[in-house]
Amino acid sequence: MEQKNDSWYVERVLKGDTQYFSYFVEKYKDIVFSIAMKVLRNREDAEEMAQESFIKAFKSLHTFKGEAKFSTWLYRITYNNCISEVRKKKIKFVSADDVQISDEPEEMNLDGIPAENRAKYVKAALEKLPEDEYMLILLYYFDDKSVEEIGEITKMTESNVKVKLFRARKKLYAILNDMLKEEIYTIL
Amino acid sequence: MKTQDLDNELKGLIKGIKLDSPGNDFTSKVMSRVYEEKVAMEKVTNEKILEKDFG
């Protein structure tokens, strides 16, 4: 049986079978919405921005050359929309560069947290990260994007992505450790 | 713990996260807009400018 991947659906949509575009919406809506939600901090605005990202992708699908993955291209559109919205609404974009981190090595220590609660716990810690670090962690760990692909999405150099990922991961461990110390996990 | 093991553990945990979803009607809302855009795009493509067809 033929395996249908993103390229197959792109081709169908470009040939006029517009209904196939819903495949992309269903597949990527959660990650696009999560990025928008993190930046805009408001459900209604985030839904609107996520919707605009998909519409923009549909309108410019003919310019998609397939050199990058469809998801990389879509996240680039989402990222640009976020930046424009932040500028328009004058929202303070909390960048990783604004936050001090110690030089102490951090390690993740989830001992004592029941396995079934760990994902919830990590999600709570992830939400405490600044927007840019949240996005890097989400793209790298959740969506398996490579450093190169994250560079394409954010227009950062690969070495910059690596440095920011390192800092983001370190900060995530620090937040997790703080949460553990405060025993916040018990109320999750 | 070695960095690679720690990284794999983190990846496993993050992959287990349930991301926030938009509302239930999100896909149908997007698709309605998509169909509207398609009609608008076709209208522009089929429009004759100075009797020249750009289709």
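Taken together, the values in this text are just the output of simple stated rules run on the coordinates, not laboratory data. Quick caveat, the model's predicted, so the values are computed rather than measured. Cβ sites come from the backbone with ideal geometry, for glycine too, and all protein chains shown count toward neighbours.
Bin all alpha-carbon pair distances of the range A:1-66 at 10 Å intervals from 0 and give each bin's fraction as a whole percent. Using 10 Å bins, I get a P(r) of 20, 46, 26, 7, 0 for the range A:1-66. With both labels modelled 7 Å from their Cα along Cα-to-Cβ, the residue A:162 to residue A:59 distance reads 3.9 nm.
Distance between the C-alpha centres of the range A:138-178 and the range A:29-57: 20 Å, rounded to the whole angstrom.
Under the simplified labelling scheme, the residue A:86-residue B:15 pair shows an inter-label distance of 2.9 nm, with each label point 7 Å from Cα along Cα→Cβ. For peptide B:20-26, the mean count of partner chain Cβ atoms within 10 Å of a residue's Cβ comes to 6.
How high is the FRET efficiency from residue A:128 to residue B:39, r the C-beta distance, R0 45 Å, rounded to 0.05? Computed FRET efficiency for residue A:128 and residue B:39: 0.55.
Take each residue in A:145-157, count the other chain C-beta atoms within 10 Å of its C-beta, and the mean is 0.
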